[in-house]
């Protein structure tokens, strides 16, 4: 359970909504709820698939996740084959 007022629990969402408001919504007026909902869906798709982020080594969130999953799968494969990772990681 999260504690009320503890920003560590929702820091990622606060960060995302800050970007959403600054990059998509700031000063805009939508004509309808459906139009606004569609704009948010488009922004989320753009944010995840096209917006390059410096903290993610110049990749989009989807590219970074794919890269991390491939790295973890390769690491698991080496572990299962009995290959020692110590000589490769130092």
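The values are calculated or read from the model by the stated rules, or taken from the named source; none is laboratory data. What you see is a predicted model; the values in this text were computed from it and never measured. Using ideal geometry, Cβ is built from the backbone for each residue, glycine included, and neighbour counts are taken over all protein chains shown.
Checked across region 26-36, the condition of being in a loop (DSSP other than H, G, I, E, B) and modelled with pLDDT of 90 or more holds for at least one residue. The single condition among (1) at pLDDT 85 or above; (2) exposed (fewer than 13 other Cβ atoms within 10 Å of the Cβ); (3) closer than 16 Å to residue 19 by Cβ that residue 46 does not meet is (2).
Taken over region 49-90, the residue count meeting the criterion of being loosely packed, with under 12 Cβ neighbours inside 10 Å, touching a helix residue (DSSP H, G or I) at 6+ places or on another chain (Cβ under 8 Å) and at pLDDT 80 or above is 2.
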